[in-house]
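What follows draws every value from the coordinates through simple rules; no lab data is involved. Every value quoted in this text rests on a predicted model; they were computed, and no experiment measured them. We place every Cβ from the backbone using ideal geometry, glycine too, and count neighbours over all the protein chains shown.
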Amino acid sequence: MARTLPTLVVALALVTVPLASATATATQDSHAIASPVQQQTSSPETAGEYLSAFQSLNGSEAYQNYSELEVLRSQAVLAVQVGEFTETEAQQMTLVLDILRTFRDAYRFQQNGSYQAALDAANNTSETSTELRGMEGGEQYAVLTEVALERFYGETGQSLQTLAEQQNATPQRIEALEQAAMAYQRGGSADQQAQVLIRVDRTRSAYRADVESMNESVATATEFTDNCGNCDDIAGAIRSYRLGVFPRYSQSLVASQETREAVALATQHGLSDRSESLATLQSQIDSRQSTLALASLAIIVAYAAIIGLFAAIVSRQLLSWRRDLSAATSGDSVLLGAMLDA
């Protein structure tokens, strides 16, 4: 359909509106978005509907920070008002409108800290841009979109690296770094992607080694607890294991040390749930270790008493034999002296 001259004048006026206008709309764009799925309005059909749709996006904070998208929007506003609005142009404007909306969503998610959702939305924008590039007259829009996306991916990657530094839990740190590498890859920053991937590999290797060490410590501790089921009280331990209390006490020392190291590793990697469970296990081991120590001492004291009693009996018997021997020897001496006097 043909556009009138007054309408064209309105379009040119819209193009000249400063990017800093519509502050209220920009403020709304900065609000957090709860879901990665952005609810879109129905697709326009006429030139007037497309014009209204493009005008409703004016003043978006996303376009203020990525001026390429504001230029794209302005070009689209002008395009739907000049010449006849054909079916081909309607298809092209549908893609342009989709780019503007999905990029705005990506920017909102980025500002809200929902980086995976931001990357997903930006990937949708990129796919639409590729489709638009294949259409006649669509390359001018695709070029602007790709320039904005390259910068968007780079800034998102930097934000994810900063987020990784703030993570206490190693798994979350690795996840943030992997997302950063993905963002750099999409943005064409091969060097930054390589550096991040090197750090991911190094962090993951150290984490896996420490997790394996924790698992081995848990196995050692579990073996001890399974082998010391009656170590809750001194009498029960002595009655159940007798002299086996001593090797179990030795095992408790090893298990306690292993568990203490495992707790330290879990805390280092920010594994709060595992750290709590390991701390509980360590408390159980320490309790049984104290019981075994007292049981061992009781057995030693008991054996010392038995040995002391046996030694006392033997000593007493030896003294008795000595007195008898002395008496017998004294009697023999008297008899011999009498015989010599006679």
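Descriptive notes on the structure:
- Two-site FRET efficiency, E139 against A209, from Cβ-Cβ distance with R₀ of 45 Å, rounded to 0.05: 0.35
- Estimated FRET transfer efficiency when R0 is 25 angstrom, pair E84-E127 (beta carbons, to 0.05): 0.30
- Annotation for Q166 and Q75: the two label points, set 7 Å from Cα along the Cα-Cβ direction, are 3.6 nm apart.
- Evaluating 6.51 cos²θ - 1.76 cosθ + 1.60 at θ = phi - 60° for every residue in the range 235-251, the Karplus couplings come out as 4, x, 5, 5, 5, 7, 10, 6, 5, x, 4, 5, x, 5, 5, 5, 5 Hz, glycine and proline recorded as x.
- Each residue, D191 and E155, gets one label point 7 Å from its Cα in the Cβ direction; the gap between the two is 2.2 nm.
- At most 13 other Cβ within 10 Å, DSSP loop - GluC sites (Glu not before Pro), the range 128-220: E136
- Shown is the FRET efficiency for N227 and S272, computed with R0 = 35 Å from the Cβ-Cβ distance and rounded to the nearest 0.05: 0.75.
- Paramagnetic reach from S56 (point 7 Å along Cα→Cβ, amide N under 15 Å) across the range 103-127: 104-105
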